[in-house]
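**Student:** Sharing a structure below in structure tokens format, with a few things to ask.
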Amino acid sequence: MIAEPRVIEARQHGISPSDVNPGALKIVHTIQAAGFSAELVGGCVRDLLLGQRPKDFDVVTEAEPDTIQNLFRRARLIGRRFRLAHVRMGREVVEVSTYRALPNVGDDGYEVSEGDGRILRDNVFGDRDSDARRRDFSVNALYYDPVGGVLLDYVGGFEDLNAGILRMIGEPARRFREDPVRLLRAVRFSSRLGLIIDTGTEAPMPDARLFLQKVPPPRLFDESLKLLQNGYAEPNFRLMHRYGFITELLPEITQHYLAADVVSETGLVMLALRSTDDRVRMGKPLNAAFLYAVFFWRAVCDQASRLTEEGGAPVQSLHRAISVVLTDAQSRLTIPRRLTAVMFDIWDMQRHLEKRRKNMVTRLLEHRRFRAAYDFYLLRVASGSADQAIADWWTDIQKVSVSSRLQMINDLAGGRGSRRRRKRRRRSVK
Ligand code: ATP
Ligand code: MG
């Protein structure tokens with residue numbers, strides 16, 4: 001039986017077709033003119049109702065992908081599991097998908113879930129009602145038909161949004177088990193949209209954290225990146241910590257930082273999260289490597305000290321520790337090489353920043369990761385684990401003239417470095 005939606009006049013809630021991207025609007029018109037239903041759905045409708053600017057506009061329709069391809073010259077079918085179309089309109093690319101059926105209800109013999117309840121395949125077309133019910137949260141399951149000027153609500157999302165509640169559709173424990181990434185999405189939407197997680201939805205979250213281990217590491221990394229880079233890294237982290245997700249995703253943090261340090265305002269982790277959020281607010285570029293470098297720093301240091309205690313040379317011990325910690329982390333989150341390379345540089349440069357060897361200063365200042373390593377050092381100072389005077393010296397040397405820079409380098413104590421440099425110079429004169 002197909003349930004009837006609640007129909008809400010969109011204009012009465014401040015939503016009109018002019019709020020929609022012209023490309024997406026045109027697509028809806030074209031599909032409807034061909035005789036099929038089509039609406040905007042999901043995050044864009046939710047954001048419009050909240051008075052925020054949507055990131056992108058997704059279209060859903062009863063028309064199947066082949067029909068979409070026939071209607072739009074510039075449509076490309078994508079996806080292996082569930083085929084959907086990307087339709088190019090000028091510079092925009094709009095995702096157009098066909099209503100999906102609920103998983104597990106296919107009467108055509110599709111086996112859609114693993115023994116552990118995770119969904120592996122859900123590629124059956126359905127109607128709008130089933131499409132709404134297979135979405136995650138009620139506020140993410142609102143449809144807007146800009147032609148008819150109405151919002152369609154099958155799951156009480158409109159009321160929840162007005163009440164500021166994030167509610168899982170269906171039975172929360174089962175939905176989290178089906179797709180544990182929903183745990184992280186709950187955190188992300190709650191922080192970013194200022195929604196309170198409904199008590200029924202929240203109740204199974206701490207226990208469901210164990211399912212996070214089943215999520216493929218590349219997807220887990222992508223989701224963690226969204227949580228760290230959407231401008232709400234600090235509230236996201238606090239919530240994830242409260243539900244025990246940090247222990248699952250980043251045990252390096254809970255095992256190696258002191259419990260008090262993890263959530264303390266002046267701890268390295270919080271300082272880094274806050275400075276990341278500040279950068280987003282100021283529109284400055286982010287490098288995710290920086291945050292991950294903070295997360296794994298204590299683990300790297302602890303591992304390195306263990307190896308030196310066992311008789312390893314300090315530099316080799318550090319490098320070996322980095323490799324051990326990263327290899328272990330990769331089994332949970334696939335951190336791309338371009339990031340681990342930066343993390344390595346940030347960590348490796350800490351000892352050079354600390355030592356200030358005469359022959360290293362210029363080379364460090366010119367290093368492409370100097371800025372990141374220096375910022376990292378500043379955070380360590382702010383958290384009380386590095387030397388303020390050394391940080392000030394590095395701050396000053398970046399500001400002064402070339403001659404004062406040379407003077408500052410010359411004034412550094414210790415001749416070992418300069419002797420070495422002279423030797424090397426002599427050798428190169430031929
Ligand atoms: P954002 O603004 O962060 O993009 P969004 O709501 O648009 O938020 P998307 O990840 O773009 O989120 O997904 C689009 C829609 O698809 C969601 O609004 C939701 O209805 C549905 N959806 C996405 N991921 C899931 C999931 N894991 N389980 C169920 N439904 C999902
Ligand atoms: Mg989206």
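The values are calculated or read from the model by the stated rules, or taken from the named source; none is laboratory data. Source: prediction; values computed, not measured. Ideal geometry is used to build each Cβ from the backbone, glycine not excepted, and the neighbour counts take in all protein chains shown. With ligands, DNA and RNA removed, areas are computed over all heavy atoms of the protein, side chains included. Shrake-Rupley method; radii C 1.70, N 1.55, O 1.52, S 1.80 Å.
**Student:** Checking the a/c ratio against 1.5 first, then a/b against b/c, what shape does the Cα gyration tensor give for the range 6-172? All intermediate terms of the calculation are to be shown ahead of the outcome.
**Tutor:** Values: a/c = 1.88, a/b = 1.10, b/c = 1.71.
Taking the square roots of the gyration eigenvalues as a ≥ b ≥ c, the range 6-172 is oblate.
**Student:** Using a probe radius of 1.4 Å on heavy atoms only, what accessible surface per residue do you get for the chain? Whole Å² is fine. Write out the running numbers ahead of the final one.
**Tutor:** Values: 21510 Å² over 430 residues.
With all protein chains present, the chain gives 50 Å² per residue.
**Student:** Let me ask something else. How large is ³J(HN,Hα) for each residue in the range 132-147, as worked out from phi by the Karplus curve 6.51 cos²θ - 1.76 cosθ + 1.60 (θ = phi - 60°), to whole Hz, x for Gly and Pro?
**Tutor:** 5, 6, 8, 6, 7, 10, 4, 5, 9, 10, 9, 10, 10, 9, x, 6
**Student:** In nm, what is the difference between 0.36 nm times the number of residues separating residue 404 and residue 305 and their Cα-Cα distance? Before the final figure, lay out the partial values.
**Tutor:** Numbers: separation 99, 0.36 × 99 = 35.64 nm, distance 3.68 nm.
The span from residue 404 to residue 305 would gain 32.0 nm if fully extended.
**Student:** Relative to the compact globular guide of 2.2 N^0.38 Å, what is the alpha carbon radius of gyration of the range 220-412, as a ratio?
**Tutor:** Values: Rg = 17.1 Å, N = 193, 2.2 N^0.38 = 16.3 Å.
Rounded to two decimals, the normalised Rg is 1.05.
**Student:** How much of the accessible area of the range 6-172, probe 1.4 Å, is carbon plus sulfur, in whole percent?
**Tutor:** Numbers: 3460 of 8070 Å².
Answer for the range 6-172 is 43 percent, counting heavy atoms of protein chains only.
**Student:** In whole percent, and with a 1.4 Å probe on the protein chains, what portion of the accessible area of the range 220-412 is carbon and sulfur?
**Tutor:** Values: 4710 of 9020 Å².
C and S fraction of accessible area: 52 percent.
**Student:** Please identify the DSSP H helices in the chain that span no less than 27 Å along the helix axis (Cα) and have a mean Kyte-Doolittle hydropathy of 0.0 or more.
**Tutor:** Values: long enough: 288-309 (32 Å, 0.58); 337-355 (28 Å, -0.61).
Helices meeting the criterion: 288-309.
**Student:** Of the listed pairs 55/284; 26/55; 55/214; 284/358; 26/226; 26/284, which have alpha-carbon separations greater than 25 Å here? List each step's numbers first, then the result.
**Tutor:** Details: 55/284 18 Å; 26/55 18 Å; 55/214 29 Å; 284/358 32 Å; 26/226 30 Å; 26/284 34 Å.
55/214; 284/358; 26/226; 26/284, as the Cα separations exceed 25 Å there.
**Student:** Would you kindly derive the ³J(HN,Hα) couplings of the range 42-47 from the backbone phi angles with the Karplus curve 6.51 cos²θ - 1.76 cosθ + 1.60 (θ = phi - 60°), listing them in order in whole Hz, with x for Gly and Pro?
**Tutor:** Once rounded to whole Hz, the list reads x, x, 5, 5, 4, 5.
**Student:** Okay, next question. Suppose a student asked you for the relative contact order of the range 6-172, using Cα pairs under 8 Å spaced at least 6 residues apart; what percent would you report? Let's see the in-between values first.
**Tutor:** Details: 315 pairs, mean separation 39.6, N = 167.
Once divided by the residue count of the range 6-172, the mean separation gives 24 percent.
**Student:** For the chain, set up a Gaussian network in which alpha carbons nearer than 10 Å are linked by springs, and say which option among 314, 103, 235 fluctuates the most.
**Tutor:** 314
**Student:** Quick one: order 291, 286 from most to least accessible surface, probe 1.4 Å.
**Tutor:** On the way: 291 10, 286 60 Å².
In descending accessible area the options line up as 286, 291.
**Student:** Restrict the search to the range 182-277; then list the GluC sites (Glu not before Pro) that DSSP places in a loop and that have at most 10 other Cβ atoms within 10 Å of their Cβ. Display every interim value, and only then the final one.
**Tutor:** Numbers: sites: 202, 223, 248, 252, 265; in loops: 265.
Loop-located and lightly packed - 265.
**Student:** Now, a different point. Sort 44, 301 by accessible area with a 1.4 Å probe, largest first. Can you show the working numbers first?
**Tutor:** Values: 44 5, 301 30 Å².
Heavy-atom accessible area, descending, gives 301, 44.
**Student:** Using 0.36 nm per residue of separation minus the Cα-Cα distance, give me the extension gain between residue 351 and residue 207 in nm, one decimal. Provide the component values of the computation, followed by the final result.
**Tutor:** On the way: separation 144, 0.36 × 144 = 51.84 nm, distance 4.08 nm.
Gain on stretching residue 351 to residue 207: 47.8 nm.
**Student:** Here's a follow-up. Can you find, among 37, 308, 291, the residue sitting farthest towards the positive end of the charge dipole of the chain, where Lys and Arg contribute +1 and Asp and Glu -1 at Cβ?
**Tutor:** It is 308.
**Student:** Hey, another quick one. Quick check for me: using +1 on Lys/Arg Cβ and -1 on Asp/Glu Cβ, what's the dipole size of the chain about its Cα centre, in debye to the nearest 20? Please list the in-between numbers first.
**Tutor:** Details: 68 positive and 54 negative charges, 836 e Å.
Approximately 4020 debye in magnitude.
**Student:** Projecting each Cα onto the charge dipole of the chain (Lys/Arg +1, Asp/Glu -1 at the beta carbon, about the Cα centre), which of 201, 245, 50 comes out farthest on the positive side?
**Tutor:** Toward the positive end, the furthest listed residue is 245.
**Student:** Continuing with this model, one more query. Determine the relative contact order of the chain: mean sequence separation of Cα pairs under 8 Å and six or more apart, normalised by residue count, in whole percent.
**Tutor:** Working: 617 pairs, mean separation 41.2, N = 430.
Once divided by the residue count of the chain, the mean separation gives 10 percent.
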